[in-house]
Structure formats: C-alpha cells, structure tokens
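Student: What follows is a structure written as structure tokens; I'll ask about it next.
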Amino acid sequence: MTAQGNQVVERPILFLDVDGPFIPFGPSSAHHETSGAGSGSAPGSEASPDPGNPLLGRLDPTVGPRLKTLGCELVWATTWMEEANESIAPRIGLPRLPVVEWPEDSTEAGPRGLHWKTRPIVEWAGGRPFIWVDDEIGAVDRLWVEAQYASPSLLHRVDPSKGLTEDDFSALAAWLRTAVPGGSLGTSG
C-alpha cells in the first residue's frame, strides 16, 4: 500500500498465466531469439531445460525481475497452481507467489465465450485494480469485466507463440501510469 494524500492506495494485482505468456508455444528457438533481441535479456541467458519438462527451457530468466519493477502484487492465475512456485518462479527470479485457487466446478453459467478463469480472478481482485496476463483472453471476458467490475482493470492478451515481449511490458507499464496513478510502486521501463 502507498499513501496518496490522506488516501491509502493498494498496489494493483497482476494475475499471471504460465502457458503462453511464460512458456511460448512457438518453435523453441523463436522465443530465445525474440527474448534476446526484444525483451532486454542478454543473448545466451536462456534457462536450461529441465529433464522432467523440456518446455521449462523456454522460460526467459529476465521476465521475473521485469515484472517486479511494475510495482504490482504478483499472483499466479494458472492451472499450474502451486507448481508454478516450484518450477517457474525460481527459474525466472520470482519469490513464492499467492496462487488463485480455481473452483472445482468451473462451468458456472455465464455468457457464452466467457473464460472459466474470469469470474474467479474478479472475485480474487476484490475491488482492487488489476491486470490479467493470459493468452486466452477474449472480447467476452473484457466486456464482462467492464460491465461487472468498478475498479480499473486490464485484460492483456499475450501472443502465445512469442510469450511476454517488450511490447507487452510497455503496454502494462503505460496502463499502470494512466489507470492507477500513484498505485504502482516500482519504476517501469
């Protein structure tokens, strides 16, 4: 929390999906070429593959520190659940993060096309400003959140073939500067 005048401003929440944003689905070499040139990581700084899950080699170890500079409360919003803290966080420089617990029955009635994660994320946010980074966000999710949620929110779709890129970080930082002035503690850039 930060103080702004006499008002306390809670940090925005940044909900993070794993598959797509952190582990791109494109050819394995495409992410590392993109991350080396586009996201600010040094060439050859890619994570080493894990014999149990070779996709973990697609993780960009510079992403975690960049997320921390945004000044948000980071929360896993992924089907990896607690495994994200065990397998992903240490490889990208993040501490143990809270994890959204998904309901057993995610088929709750809603508009056709509403992603099953949307309602639980909105409930978790509890009125605080939030960003949701995922590769499966669609127009129905944006419209539903806009109609149901009074606080600022950004549903940011990441290209699953590229993962988080410089353009994504720029979009997140720009939204934080305009939608949540004073709410972001970190520096972006």
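The values are calculated or read from the model by the stated rules, or taken from the named source; none is laboratory data. Computed from a predicted model, the values in this text were never measured in an experiment. No Cβ is skipped: glycine too gets one built from the backbone with ideal geometry, and neighbour counts run over all protein chains shown. Accessible surface is based on the protein model in full, side chains and every heavy atom, while ligands, DNA and RNA are left aside. Shrake-Rupley method; radii C 1.70, N 1.55, O 1.52, S 1.80 Å.
Student: Can you tell me which residues in segment 157-180 are closer than 14 Å to Leu14 by Cβ and crowded, with 18+ Cβ neighbours inside 10 Å?
Tutor: Matches in segment 157-180: Val158, Leu164, Asp168, Phe169, Leu172, Ala173, Trp175, Leu176, Val180.
Student: Hey, another quick one. Filter segment 107-138 down to residues that are surrounded by 11 or more Cβ atoms within 10 Å (Cβ to Cβ), without any contact (Cβ under 8 Å) to a residue 60 or more places away in the chain and in contact with a helix residue (DSSP H, G or I) (Cβ under 8 Å, 6 or more places away or on another chain), then give me how many there are.
Tutor: 7
Student: What's the number of the condition Glu104 fails, among (1) among the acidic types (Asp, Glu); (2) open to solvent by less than 50 Å² (accessible area, probe 1.4 Å); (3) more than 17 Å from Leu16 (Cα to Cα)?
Tutor: Checking Glu104 against (1) among the acidic types (Asp, Glu); (2) open to solvent by less than 50 Å² (accessible area, probe 1.4 Å); (3) more than 17 Å from Leu16 (Cα to Cα), the one that fails is (2).
Student: With the requirement that a residue be crowded, with 17+ Cβ neighbours inside 10 Å and part of a helix (DSSP H, G or I), what does segment 143-156 give you?
Tutor: Those that are crowded, with 17+ Cβ neighbours inside 10 Å and part of a helix (DSSP H, G or I): Trp144, Val145.
Student: Shifting gears a bit: Within segment 157-184, how many residues turn out to be among the charged types (D, E, K, R) and not in a helix (DSSP H, G or I)?
Tutor: 3
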